[in-house]
1. Out of B:HIS123, B:VAL402, B:GLY353, whose Cα points farthest toward the positive end of the dipole of the protein assembly as shown (charges: +1 Lys, Arg; -1 Asp, Glu; placed on Cβ)?
2. Run through every distinct alpha carbon pair of segment A:8-105 and return the Kirkwood hydrodynamic radius in angstroms, one decimal place.
3. What do you get for GluC sites (Glu not before Pro) in segment B:214-272 restricted to DSSP loop and a cutoff of at most 15 other Cβ within 10 Å of the site's Cβ?
4. Quick check: pseudo-label points 7 Å beyond the Cα along Cα→Cβ at A:LYS77 and B:ASN275, how many nm apart are they?
5. Any idea how far the Cα center of segment B:186-239 sits from the one of segment B:120-153, in Å?
6. In whole Hz, what ³J(HN,Hα) sequence does segment B:331-346 give by Karplus (6.51, -1.76, 1.60; θ = phi - 60°), x for Gly and Pro?
7. I'd like the Karplus ³J(HN,Hα) series for segment B:210-221: coefficients 6.51, -1.76, 1.60, θ = phi - 60°, whole numbers in Hz, and an x wherever there's a Gly or Pro.
8. Once Lys and Arg get +1 and Asp and Glu get -1 on their Cβ, which of B:PHE328, A:THR6, B:CYS107 lies farthest toward the positive end of the dipole of the protein assembly as shown?
Amino acid sequence: MEQTDTVWIDVCSVDDIDEGGMHEFQHEERRIVIYRLEDGLFATDNVCTHEFALLSEGWLENGTIECPLHGALFNVKTGQVERGPAECALKTYAVRTEGERVLCSI
Amino acid sequence: MNEITKIEQALSSDANAKASIGSLLDKQRKNYGLQPEFYLSDHIYRLDIEKVLMPHWQCVNHVSAIPNAGDYIVFDYDRESVIVVRDADNEIRSFANVCRHRGSRICETSGHARGGMLICPYHAWSYGLDGSLAHARMMPRDFDKQGFGLKPLPTKVVQGLIFVSLSDTPLAFDDCEENINATLGIYGWANAKVAYQSSVVFSANWKLALENQVECYHCAPSHPEFSVVHGQSTATEKKLIAEMNAKAAAQGIRVETRDHWALAALDGQEQAYSNRYPMTANACTASKDGSPLAPLMGKFQSYDNGMAVCYIGPMNHCLSYGDYGAIFRYTPKSLFETELAVIWLVRGDAVEGKDYDRDELTWMWRVTAGADKKIVEDNQRGVSSRFYTPGPYALPIEEKTVRFTEWYMSSLANAL
Ligand code: FES
Ligand code: FES
Ligand SMILES: [Fe+2]
């Protein structure tokens with residue numbers, strides 16, 4: 001699924017993210033958050049598509065992230081909005097591990 | 001100490017209020033204007049709102065004003081404010097515009113709830129279109145959001161008209177519903193659309209605005225434009241009525257009328273009134289020269305040179321001509337401020353610029369409402385003078401004004 005020009009960023013170590021936890025990082029202008037679910041690692045933009053709020057400060061539950069500001073719900077695997085007020089999906093990013101390292105494709 | 005200061009002092013204690021208002025009501029001469037205190041006293045104004053008007057229904061707008069899910073109207077009434085919203089299932093719901101956190105107004109003006117959420121601007125509590133509290137920022141995870149939804153208000157939609165009540169125990173609406181269906185229904189209001197709306201604030205007590213609204217004694221001197229096309233109470237009127245009814249009957253149209261208005265309201269029911277009036281000879285509608293303005297509405301295939309009026313409660317007056325409708329809604333804002341909203345309706349599929357011209361469509365009632373503002377404000381200035389003493393109403397032409405004031409005084413007396 002990755003393009004040939006995909007750039008994989010070395011983000012952190014697997015141990016840096018608790019099960020059910022999140023890890024945010026910035027790459028150039030971009031703010032991204034990695035979620036660790038039972039069935040793997042996923043990543044989306046960290047800024048809500050509604051107004052300005054960081055999703056890494058929200059609530060992660062059952063594969064959805066709740067925005068801390070107005071409570072929009074996004075599916076972290078697909079980025080889809082599950083509840084407003086956000087109207088646009090979040091951009092998602094592929095994540096993989098290489099040994100102990102977590103890599104994210106930009 | 002002047003009379004108003006005296007009455008305000010007397011009314012400031014509950015025990016005295018009854019006696020003071022009682023003696024004012026006793027002073028009232030039959031078929032005479034109201035005592036000045038009724039137009040000037042803050043205490044009486046509070047009673048007007050809380051006891052006299054609260055059980056009644058207000059017409060907010062036509063459903064076509066909020067065509068999409070999430071569209072909402074903010075309707076302000078005295079100190080109250082209501083959010084009327086179209087929810088995701090296309091149901092029209094109303095809520096008190098008061099946040100369940102610390103009570104802030106949530107929506108300032110009408111608009112669209114982006115993403116299906118009404119968000120309080122103060123601390124960002126977010127409510128769904130069903131009024132439920134969806135998110136309360138930084139509150140503990142175990143906070144019980146269910147107990148903090150927006151307060152729902154009684155809401156009715158009849159022939160596309162949205163009505164709300166601010167009361168916990170509103171008057172029954174069945175008689176009005178029947179009346180609206182039997183009159184505005186014939187004119188196809190359910191399938192109409194809002195062509196234009198305007199709002200003017202009269203610097204006057206709400207009762208002066210309504211006394212003026214229900215009489216046409218002032219029409220000849222104050223509304224020359226109106227008088228060109230609307231029938232007056234003259235000898236020829238009987239003939240015009242017969243012609244109007246014949247023209248309607250020829251199309252299989254019968255508009256029923258009823259008079260359950262003011263003190264004639266059915267027990268426990270909101271006031272319902274309807275009537276039909278002829279236009280002047282050959283005038284089709286309320287335009288500059290009586291010529292048509294928009295496509296015919298409802299069951300009408302041709303003009304019957306008449307119109308229908310339909311009153312819902314004391315504050316909402318609807319008019320329908322063959323080709324357009326107008327809602328007149330009076331809303332008290334404060335003791336000396338009353339809003340008149342006018343909402344023009346045309347057939348739902350009419351296209352502006354092609355089927356009707358907005359300025360021509362709205363001309364008659366923009367001019368007429370503007371003139372009413374002036375005469376009602378002059379009336380307020382006059383009754384505020386220490387030289388005002390109530391004068392006799394002109395009967396029969398001011399008969400409805402008499403009925404309005406009698407209804408008012410009886411409601412106030414019952415509330416004491
Ligand atoms: S900023 Fe995220 S829901 Fe409003
Ligand atoms: S008052 Fe509305 S969120 Fe605080
Ligand atoms: Fe008038």
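1. My answer, from the dipole projection, is B:VAL402.
2. On the way: mean 1/r = 0.0760 Å⁻¹.
The answer is 13.2 Å.
3. On the way: sites: B:GLU215, B:GLU225, B:GLU237, B:GLU243, B:GLU256, B:GLU270; in loops: B:GLU215, B:GLU256, B:GLU270.
Of the GluC sites (Glu not before Pro), the ones in loops of segment B:214-272 whose Cβ has at most 15 other Cβ atoms within 10 Å are B:GLU256.
4. Roughly 6.9 nm, to one decimal.
5. The two parts, judged by their Cα centres, are 44 Å apart.
6. For segment B:331-346, the Karplus curve yields 9, x, 10, 6, 3, 10, 9, 9, 8, 10, 9, 10, 10, 9, 10, 10 Hz.
7. Listing the rounded values in order: 6, 4, 5, 4, 9, 10, 10, 4, 7, 4, 4, x Hz.
8. So the residue furthest toward the plus end is B:PHE328.
The values are calculated or read from the model by the stated rules, or taken from the named source; none is laboratory data. Quick caveat, the model's predicted, so the values are computed rather than measured. FYI the Cβ positions are ideal-geometry reconstructions off the backbone, even for glycines, and counts take in every protein chain you see. When the accessible area is computed, the model is the full protein with side chains, heavy atoms only, and any ligands, DNA or RNA have been set aside. Shrake-Rupley method; radii C 1.70, N 1.55, O 1.52, S 1.80 Å.
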